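Just so you know, all these numbers are worked out from the coordinates, no wet-lab data involved. The model shown is predicted, which means the values in this text are computed figures rather than measured ones. We place every Cβ from the backbone using ideal geometry, glycine too, and count neighbours over all the protein chains shown.
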Amino acid sequence: MSHGQDYTAAGTLSGHGTERPLAPPVAENCGRTIGRLTWKQSRSRLSADRKRLIETLETQPGLAVGPLWLHPSFLCVFMYRISNHLFRSGHNLAARVVWQLNFLLTGADVSAAADLGEGLLILSPAGTALMGAAGRNLTVMACAGLGGELGRFNDVGARPGLPLLGDDVILEPHSGFLGPVRVGSRVRVRAGTVMTKDVPDDVVVENSPSRFIRRRDVK
């Protein structure tokens with residue numbers, strides 16, 4: 001399948017004159033490490049996160065204000081890595097404290113139990129909520145997120161009721177995945193699109209075209 005094909009929120013492949021159903025594959029483990037992490041592994045993940053952020057800031061110099069360790073994008077991911085390491089080590093109370101501190105300082109609600117691979121990039125932490133699992137190089141823009149959906153509790157590999165993403169997934173502003181869905185690699189979700197279905201590799205996910213509804217309260 002070629003890159004850049006559009007996968008609509010209704011679960012069809014578009015962009016070729018017609019829309020047709022497309023059955024998504026089962027998401028693979030994508031290099032995720034299940035269970036306890038050593039400090040070396042956690043530092044390695046954080047190093048990859050830091051590298052991605054630096055590369056992004058170098059392309060947009062106006063974003064690089066002050067030292068990197070004070071940048072909200074780095075601070076958010078740093079505190080998530082600490083809380084995740086503590087959680088995997090069985091220190092649940094300490095993990096919860098760091099998780100809550102992250103929320104208070106950056107506005108990001110990134111669960112200590114979330115399993116997010118190396119190269120994590122959260123561009124605008126405030127309003128971000130992440131609970132689920134993803135492979136390498138997840139990019140999260142403003143107010144995007146991952147989470148559960150009431151009434152759906154089956155486990156697809158990311159804990160009951162939560163989404164499982166592959167590598168190199170991009171969540172544009174106000175987009176995300178809800179519920180136990182499997183998402184392939186190299187998927188881009190357009191702004192304002194929320195998916196509750198499985199998605200295959202190498203597609204762009206978007207909502208149906210916007211429409212205008214005439215206001216009846218205005219004469």
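Relative contact order for the range 119-170: 38 percent, from Cα pairs under 8 Å spaced at least 6 residues apart, divided by residue count. Here's how it looks for D115: its modeled amide H is under 5 Å from those of G132, A133, A134, which are all 5 or more places away or on a different chain. As a proxy for reagent exposure, ranking D115, D201, D155 by other Cβ atoms within 10 Å from fewest up yields D155, D201, D115.
Out of all Cα-Cα pairs in the range 70-219, roughly what percent, to the nearest whole number, are more than 20 Å apart? Intermediate values should be presented prior to the final figure.
Values: 5346 of 11175 pairs.
Everything past 20 Å amounts to 48 percent.
Using a simple spin-label model with pseudo-atoms 7 Å out from Cα toward Cβ, K51 and L68 lie 1.1 nm apart. Contact order for the range 60-219, expressed relative to its length and based on alpha carbon pairs under 8 Å spaced 6+ residues apart, stands at 13 percent.
Quick one: Kirkwood hydrodynamic radius for the range 36-130, alpha-carbon pairs, angstrom, one decimal? If you can, show how the numbers build up before the last one.
Values: mean 1/r = 0.0752 Å⁻¹.
Across the range 36-130, the inverse of the average 1/r is 13.3 Å.
At 25 °C and a viscosity of 0.890 mPa s, what translational diffusion coefficient does Stokes-Einstein give for the range 133-206, taking Rh as the Kirkwood radius over Cα pairs? Give it in µm²/s as a whole number. So the translational diffusion coefficient is about 210 µm²/s.
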